[in-house]
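Notes follow once the structure below has been shown.
The values are calculated or read from the model by the stated rules, or taken from the named source; none is laboratory data. Worth saying up front: this structure is predicted, and the values here are computed from it rather than measured. Here the Cβ positions follow ideal geometry from the backbone for every residue, glycine too, while neighbour counts run over all protein chains shown.
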Amino acid sequence: MKIRTIKVDQLARVEGEGALKVVARDGVVQSAELNIFEPPRFFEAFLRDRLYAEAPDITARICGICPVAYQMSAVHAMENALGVVVDGPLRELRRLIYCGEWIESHTLHVYMLHAPDFLGYEGAIEMARDHADIVRRGLDLKRAGNSIIALLGGREIHPINVRVGGFYRTPRKRELEPLAEELKRARDLALATVRWTAGFDFPDVVRDYEFVSLRGDGEYPFSNGRIASSRGLDIAAAEYDEHFEETQVEHSTALHAHIKARGPYLTGPLARYALNVAALSPLAREAAREAGLEAVCANPFRSIVVRAVEVLYACDEALRIIEDYEEPVRPAIDIEPCASTGYAATEAPRGMLYHRYRLNADGKIADARIVPPTSQNQPSIEEDLKTFATAWLDLPDEVLRRRCEQTIRNHDPCISCATHFLRLEIDRGG
Amino acid sequence: MADRARDGRRVVALCIGNPQRGDDGAGRAVARALRDSLGGVEIIEEEGETTRVLAQLEGADAAFIVDACVSGQPPGVIRRFDVGAGRLPQTAFGASTHGFGLAEALEVARALGALPPRCVVYAIEGAIFDIGASLSPAVATAVEIVASRLRADILCERSTPLPESVKS
């Protein structure tokens, strides 16, 4: 029996620390393990006994790339628990700050982490030497996202202006005007990005994913909508625990999520696009069509194009929100704590992010559960590797290693977010 | 408003780290030590994400960067690198979890022709990077030393006449 083992001890160009092991027997891949060895993170435990109002700022610390997603899932889950609905201009401002995060995070991934794979470079440094103008375009585009977060979040990293019930301070309309000018330029850059990525050479592969994402009521989803799947799932966030489960695997400190009695699923840009394409803005929809995307894209290597389309949408949507913006009467709705449980899922750039909180009568957190997108996507990433790598086994080791790394990067995993610690109870039957 | 030197030169002290993760906060602690004692320089705090580092370096005539590193040295060891003279050793800056570290950010800046004419990195060897930990004693001492050296560097930079080619 011929055994071939491909090991990547340190994955580059992903968020966090991980490794990969693929084992083949007689020309067939037997196993693919994405090993996550960043130390377990104890955020769910940190949250216990903290006041409900602290959750947005504590959970924002889980990730420096997608803090807004953590804040948004936290505030929506708390508001669900406390019977509050935030709508009107405050809801629009929340969509606006989420646009900022998608622009920032997706652009970083498209230009600095993923594009070098398609253009044959070891990384962004080598790419920048030959394509300085393209890298500058990426940096300029990303800056528009930074500007949104700095204005609405109070600062570019770990924003501090988001609170349960709304914001601490809301912007005046005139403060948003310079942002609109920057976003108009960014929208042009985003359109150029879609066209640029559409010209890459993609392996001709597809996977039979069950796509899972929020499905907005006529709008491309950030924070609102029901959890839907391409195989008929249609549930409220409160029903997440009934339909999804997380299990521990030996090779990773991140938990693996599955749909109960069904198996792996995929969240993120491909899933959002498949379930919400009709809700894209006309400009983004037309750019997607021009880029060769059909209503469903099941080739994970093309996720870079879908990400670029989502950046274009985020620029377009941000401009719409700014144009329609009317200053709210108050920056936040008053909240009265009570004993309750709340649930929310929102769309982090790399996929759906679920939060659940149980509160005591004094508003302190009794229990928290956070399921980040990378935990949900990890089984699908391993399935991708098992499915695709068999056809690549004739490639030289170095080329095969790069293909496998690229396969992981297709899903922009954020390993820093995904690491959990699972309490283990042993029942010895006696 | 940017705090510029009197001759219009933009001098930045870019202090990188995560104050919630033990010795990774060394750079941020240097920023706090500098803030009350130095004018004519922009003191900037960042968590180290590449594109933000690049944005902060844009248009700077001189950049002094402080970050924690892991290179197998005893905690608190200080190393100084002149990035204009050569590439930063990549392995030294292992604390970043953003897929892209300081060394890569500076090399992208170099590739784009955006590296400040003078660019110096102070690396402080860290030992403890646990969430919620404070600076280890050796790193806290190193922070004071680096702050003093930076004050001297920046004063020296400001007293150096601007080259004819750079004057506007």
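Scoring A:SER281 on the criteria (1) under 19 Å from the mean Cα position of the chain (by Cα); (2) within 24 Å of A:ASP87 (Cα to Cα); (3) not hydrophobic (A, V, I, L, M, F, W, C) leaves a single failure, condition (1). All told, A:TYR111 falls short of being crowded, with 20+ Cβ neighbours inside 10 Å, within 25 Å of A:ILE408 (Cα to Cα) and away from every other protein chain (no Cβ under 13 Å). Taking the conditions (1) touching a Gly at 6+ places or on another chain (Cβ under 7 Å); (2) among the charged types (D, E, K, R); (3) within 18 Å of A:ALA69 (Cβ to Cβ) in turn, A:ASP217 satisfies each one other than (3). Determine which single condition A:ALA132 fails, assuming it passes every other condition in (1) surrounded by fewer than 16 Cβ atoms within 10 Å (Cβ to Cβ); (2) free of Cβ contacts under 8 Å to residues at least 40 places away in the same chain; (3) more than 10 Å from chain B (Cβ to nearest Cβ). Going through (1) surrounded by fewer than 16 Cβ atoms within 10 Å (Cβ to Cβ); (2) free of Cβ contacts under 8 Å to residues at least 40 places away in the same chain; (3) more than 10 Å from chain B (Cβ to nearest Cβ) one by one, A:ALA132 breaks only (3).
All of (1) assigned to a helix (DSSP H, G or I); (2) surrounded by 20 or more Cβ atoms within 10 Å (Cβ to Cβ); (3) more than 7 Å from chain B (Cβ to nearest Cβ) hold for A:ASP140 with one exception: (2). Looking across the stretch A:63-89, just one residue is surrounded by fewer than 24 Cβ atoms within 10 Å (Cβ to Cβ), touching a Phe, Trp or Tyr at 6+ places or on another chain (Cβ under 7 Å) and either closer than 25 Å to A:ARG320 by Cβ or aliphatic (A, V, I, L, M) (or both), and that is A:PRO89. All of (1) crowded, with 18+ Cβ neighbours inside 10 Å; (2) within 14 Å of chain B (Cβ to nearest Cβ); (3) hydrophobic (A, V, I, L, M, F, W, C) hold for A:VAL162 with one exception: (2).
Residues checked against (1) away from chain B (no Cβ under 12 Å); (2) within 30 Å of A:ILE365 (Cα to Cα); (3) modelled with pLDDT under 95; (4) in contact with a His (Cβ under 8 Å, 6 or more places away or on another chain):
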site	(1), (2), (3), (4)
A:GLU44	yes, yes, yes, yes
A:PRO56	yes, yes, yes, no
A:ALA81	yes, yes, no, no
A:ARG95	yes, yes, no, no
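Mind checking whether some residue in the stretch A:101-114 is at pLDDT 95 or above, small (Gly, Ala, Ser) and touching a helix residue (DSSP H, G or I) at 6+ places or on another chain (Cβ under 8 Å)? No, the stretch A:101-114 contains no residue that is at pLDDT 95 or above, small (Gly, Ala, Ser) and touching a helix residue (DSSP H, G or I) at 6+ places or on another chain (Cβ under 8 Å). Being closer than 22 Å to A:THR107 by Cα and either buried (at least 22 other Cβ atoms within 10 Å of the Cβ) or within 14 Å of chain B (Cβ to nearest Cβ) (or both) is a condition met by no residue of the stretch A:202-209. Number of residues in the stretch B:66-92 that are in contact (Cβ under 8 Å) with a residue 24 or more places away in the chain and either within 14 Å of chain A (Cβ to nearest Cβ) or closer than 25 Å to A:LEU141 by Cα (or both): the value is 3.
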